[in-house]
1. Could you please find all residues in region 191-216 being under 30 Å from V42 (Cα atoms) and free of Cβ contacts under 8 Å to residues at least 40 places away in the same chain?
2. Taking the options A126, A146, A82, A100, name whichever one is crowded, with 24+ Cβ neighbours inside 10 Å, touching a Lys or Arg at 6+ places or on another chain (Cβ under 9 Å) and small (G, A, S).
3. For region 173-188, which residues satisfy the criterion of being free of Cβ contacts under 8 Å to residues at least 12 places away in the same chain and either in contact with a Ser or Thr (Cβ under 8 Å, 6 or more places away or on another chain) or exposed (fewer than 12 other Cβ atoms within 10 Å of the Cβ) (or both)?
4. Quick test of your reading of the structure: A191 fulfils all but one of (1) surrounded by fewer than 18 Cβ atoms within 10 Å (Cβ to Cβ); (2) modelled with pLDDT under 85. Name the failing condition by number.
5. Scan (1) among the small types (G, A, S); (2) more than 21 Å from T48 (Cα to Cα); (3) modelled with pLDDT under 90 for the single condition S155 breaks and write down its number.
6. Identify the residue in region 73-112 that is among the β-branched types (V, I, T) and over 18 Å from the mean Cα position of the chain (by Cα) and, among all such residues, is nearest to R131 (Cα to Cα).
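The values are calculated or read from the model by the stated rules, or taken from the named source; none is laboratory data. Only a predicted model underlies this, so the values are computations on that prediction, with no experimental measurement involved. Positions of Cβ are generated from backbone atoms using ideal geometry, with glycine treated the same way; all protein chains shown enter the neighbour counts.
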Amino acid sequence: MTTEAVVHSDIETRPVDPLRPAAPWSSRYIHRARDPFNPNSVAETLDTAVGLARETFGADGAAILLATDASAVATAAAGSRARQADALQVDCHQGPGLHAIRARQPVISDELRFDSRWRFWAPQAADLGFRSVLSLALTDGDPFGALTLYSKRPSFFGTESVAPGLSFADEASIAITTAVEREQLLKAADARGIIGQAQGILMERYHISADQAFIVIRRSASVFNQRLRSIAERIIGGRSLPDIDVIALHHVAGATSLGGGFDQ
């Protein structure tokens, strides 16, 4: 028997599974999860999220998929079999995590051995030893991923799991998006510093202005199909620069405007 978004009456009236432990979560416990998330890198935040999720909900594994319009990537997992199960979602292009992202709501499977929604993924996940799952979309307005909790017991996740699961997913979503934004800002600042150093070297070498030096870097990036940062690092490293020299000398006289922006 399977359910999605736990709206089915047969689940709501089901007696409590005696094998299911008393819920260890509370709103206070969930909100305390925010502290270990910050300040961390994206990778550290993802690892913290899956670890806390497995511990908080008493699951046998937890994993996070991050998705774009074109693809999904298995990024972090607590438990090697959970990692395999999420990787199978990517390979099979189906599974509860991808389902939760598309549906924008929690997805539950009480028994993977009999779940026909994911006819390629579910049997393989069951072969890994998992019997039930709860997948929760991660969102920043729009879904960008999914947290999936795995259990070796059938019907482990019930209606009482959904509200705290959504609360935890909200906290994790905030932490992940904050970490991504922080990392992007740090990379941008670092790139600007590196490009500024390269501009200084070119200014001294060719007796040109900062604007002209930036045009040399930008034109070199275009000619060699590389990022501005890659060209700047090459200049700073003092590696062989005859090709950049040609571009610089060609543009020194006429380069007077910037145009464009920093490409990290």
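1. Residues satisfying the conditions are G193, G196, Q197, A198.
2. Answer to the check: A82.
3. Result: L185, L186.
4. Among (1) surrounded by fewer than 18 Cβ atoms within 10 Å (Cβ to Cβ); (2) modelled with pLDDT under 85, the lone unmet condition for A191 is (1).
5. The number of the failed condition is (3).
6. Residue satisfying both the conditions and the ranking: I108.
Okay, residues lined up against (1) touching a residue at least 24 places away in the same chain (Cβ under 8 Å); (2) basic (K, R); (3) touching a Gly at 6+ places or on another chain (Cβ under 6 Å):
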{"position": "D69", "(1), (2), (3)": "no, no, no"}
{"position": "V73", "(1), (2), (3)": "no, no, no"}
{"position": "A78", "(1), (2), (3)": "yes, no, yes"}
{"position": "H93", "(1), (2), (3)": "no, no, no"}
{"position": "E111", "(1), (2), (3)": "yes, no, no"}
